[in-house]
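Reviewing the structure listed below.
The values are calculated or read from the model by the stated rules, or taken from the named source; none is laboratory data. As the structure is a prediction and not an experimental result, all values here were calculated from the model. Ideal geometry is used to build each Cβ from the backbone, glycine not excepted, and the neighbour counts take in all protein chains shown. Remember, those area values only see protein heavy atoms, side chains included, never the ligands or the DNA or RNA. Shrake-Rupley method; radii C 1.70, N 1.55, O 1.52, S 1.80 Å.
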Amino acid sequence: MPTLPFFDTVIVGAGAAGLFCAGQAGQRGLKVLLIDHAQTVAEKIRISGGGRCNFTNRDLDPAAPHKYFVGQNPQFCRSALSRYTPADFVALVQKHGIPFHEKHKGQLFADRSAEDIIAMLLAECAAGGVTRWQPCSVKKIIFLASMADDTSAGSYQIDTDCGTVQARSVVVATGGLSIPKIGATDFGYRIAQQFGIPLIERRPGLVPLTFDGDAWAPYTQLSGLALPVQISTGIQEGPHAPPLRGSLPPEGAAFALGRPSGKRKTRMAFDEDLLFTHRGLSGPAVLQISSYWEPGAPLSIHLAPGVDLLAALADAKLRSRKLLANELAQWVPSRLADAWAAQSSDWQRPMAEVPDKALARLAERLARWELLPTGSEGYKKAEVTLGGVDTHALSQQTMECKAQPGLYFIGEVVDVTGWLGGYNFQWAWASAAACAQALPTG
């Protein structure tokens, strides 16, 4: 029998986590094979951040991952995030001479194009002598126990379109189910199932939400309209709303697919921009809250944050002869003001003629617009996948499966999902680095 080509590790998936892990491992001296079924490399990086790749977030506090990450156990990612920080990745970007800027809230983008980040990752792979097979699909992965049948050691046989190889370890960096048109599949989850690794239920995350029915009818013509809002879901813990700009659950509270791990459904809120679409709502506000929203639960939206609408409308009534909608347009876009005023005959009058109770009702509804999503745009529009490989099955130091030696899972395929704004890329870099440093050599 001919001897199979042997690698220290085979990495399946040439996205952010897979590319970075391959480069890091190769530069440690490991013989690395990187495989991906897609025709083009790192397509998700290429389209991210409007084509400029929001590659990390300066504001991330590695000691408090529950502030930025969703999953059954957000604390799992503390070890990796603490050992490979945003500053570490920024240093790599600077080493490669890539110009970048901070947009807002710690979000860092490449000045020119996401292609700069992809080229950097490929250069890191080249520096590590990484072998890359692409496009190439993996057909089967077989665990080969050692001669002594000691399952604590062994190797893997990987059958691919490009041939069969043997490796000391396998790293699964296949990503999630989001954006199937660029090649997303469930392959990583199937590998986990093959080896008995438990999975957390998957669903779309960072995704636009959809609405229909009579309650949504007044807003169907507002597509393209955007405005800053405060958006929340869940149960408020106390008499006052928590601070809004990504309000945080209490220390130790963890969310699983939008559902807290504890008994109480803690309120989650964000202060971001809202965008009306043909089918519902999107924009950073809705993408953020979608990871915490659970089907059947309402959203609450303050359409004029920072404004005491009741006092402002009462003052306008004393001095203005304009229609209510025209006055309301001081605080919300005029199209939205018109849509709200059209919902009641009391709101279609000049300010001086609007009953006080009608003004109070409008102010209350604008400050706490409650609406019930009928669903989401699904994986085709989702930026990430919630759920995935159960973190309880992995070592937080190495990303290796506790019950399956030599098998590692990194990046989005794991049940760790970050906020919008560079947090998911940082998890990709950090989990890849933790894995790369732990991979065994010959």
Task: Selection count, region 101-118, where residues are open to solvent by 30 Å² or more (accessible area, probe 1.4 Å) and within 21 Å of the chain's Cα centre (by Cα) - done: 7
TODO: Mind listing just one residue for me: the one in region 161-204 that is among the charged types (D, E, K, R) and either part of a strand (DSSP E or B) or within 29 Å of Tyr292 (Cβ to Cβ) (or both) and, of those, modelled with the lowest pLDDT?
DONE: Lys181
- [ ] Would you tally the residues in region 52-82 being closer than 22 Å to Trp293 by Cα and open to solvent by 40 Å² or more (accessible area, probe 1.4 Å)?
- [x] 4
Open item on the list: Given the criteria of a type in the set (Phe, Trp, Tyr) and touching a Gly at 6+ places or on another chain (Cβ under 8 Å), does Phe55 qualify?
Closed with: yes
Open item on the list: Among the residues in region 420-430, are any part of a loop (DSSP other than H, G, I, E, B) and open to solvent by 20 Å² or more (accessible area, probe 1.4 Å)?
Closed with: yes
- [ ] Return the total of residues in region 390-405 being open to solvent by 10 Å² or more (accessible area, probe 1.4 Å) and part of a loop (DSSP other than H, G, I, E, B).
- [x] 9
TODO: Count, please, the residues in region 87-100 that happen to be among the β-branched types (Val, Ile, Thr) and over 21 Å from the mean Cα position of the chain (by Cα).
DONE: 2
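What helices (runs of 4 or more DSSP H) lie completely within region 312-389 and have 1 or more residues being of a type in the set (S, T, N, Q), modelled with pLDDT of 95 or more and over 32 Å from the mean Cα position of the chain (by Cα)?
Once the helices (runs of 4 or more DSSP H) in region 312-389 are filtered for at least 1 residues that are of a type in the set (S, T, N, Q), modelled with pLDDT of 95 or more and over 32 Å from the mean Cα position of the chain (by Cα), what remains is 324-328, 334-341.
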Task: Unmet criterion (only one of (1) touching a helix residue (DSSP H, G or I) at 6+ places or on another chain (Cβ under 8 Å); (2) at pLDDT below 95) for Ala148 - done: (1)
Open item on the list: When the residues of region 264-311 are narrowed to those that are of a type in the set (A, V, I, L, M), surrounded by fewer than 18 Cβ atoms within 10 Å (Cβ to Cβ) and over 22 Å from the mean Cα position of the chain (by Cα), which ends up farthest from Ala367 (Cα to Cα)?
Closed with: Ala311
Task: Matching entry among Asp61, Asp8 (being outside any helix (DSSP H, G or I) and farther than 20 Å from Ala87 by Cα) - done: Asp8
TODO: Determine, yes or no, whether Pro239 is part of a loop (DSSP other than H, G, I, E, B), at pLDDT below 95, more than 25 Å from Gln72 (Cα to Cα) and not β-branched (Val, Ile, Thr).
DONE: yes
- [ ] Could you please find all residues in region 61-108 being among the aliphatic types (A, V, I, L, M) and within 20 Å of Thr417 (Cβ to Cβ)?
- [x] Ala63, Ala64, Val70, Ala80, Leu81, Leu108
Task: Of the criteria (1) closer than 22 Å to Gly388 by Cα; (2) crowded, with 19+ Cβ neighbours inside 10 Å, which one Gln194 fails - done: (2)
Open item on the list: I'd like the full set of residues that are assigned to a helix (DSSP H, G or I), open to solvent by 60 Å² or more (accessible area, probe 1.4 Å) and within 10 Å of Val130 (Cα to Cα), limited to region 11-51.
Closed with: Gln27
- [ ] Check whether at least one residue in region 166-175 is more than 24 Å from Gln39 (Cα to Cα) and surrounded by fewer than 15 Cβ atoms within 10 Å (Cβ to Cβ), and report yes or no.
- [x] no
TODO: Check region 353-373 and report whether any residue there is open to solvent by 80 Å² or more (accessible area, probe 1.4 Å), of a type in the set (A, V, I, L, M, F, W, C) and closer than 30 Å to Ser82 by Cα.
DONE: no
TODO: Could you grab me the full set of residues in region 197-225 that are of a type in the set (Gly, Ala, Ser) and open to solvent by 60 Å² or more (accessible area, probe 1.4 Å)?
DONE: Ala215
- [ ] With the condition kept exactly as written, say whether any residue in region 288-310 is closer than 30 Å to Tyr423 by Cβ, out of contact with any Ser or Thr (no Cβ under 8 Å at 6 or more places or on another chain) and in a helix (DSSP H, G or I).
- [x] yes
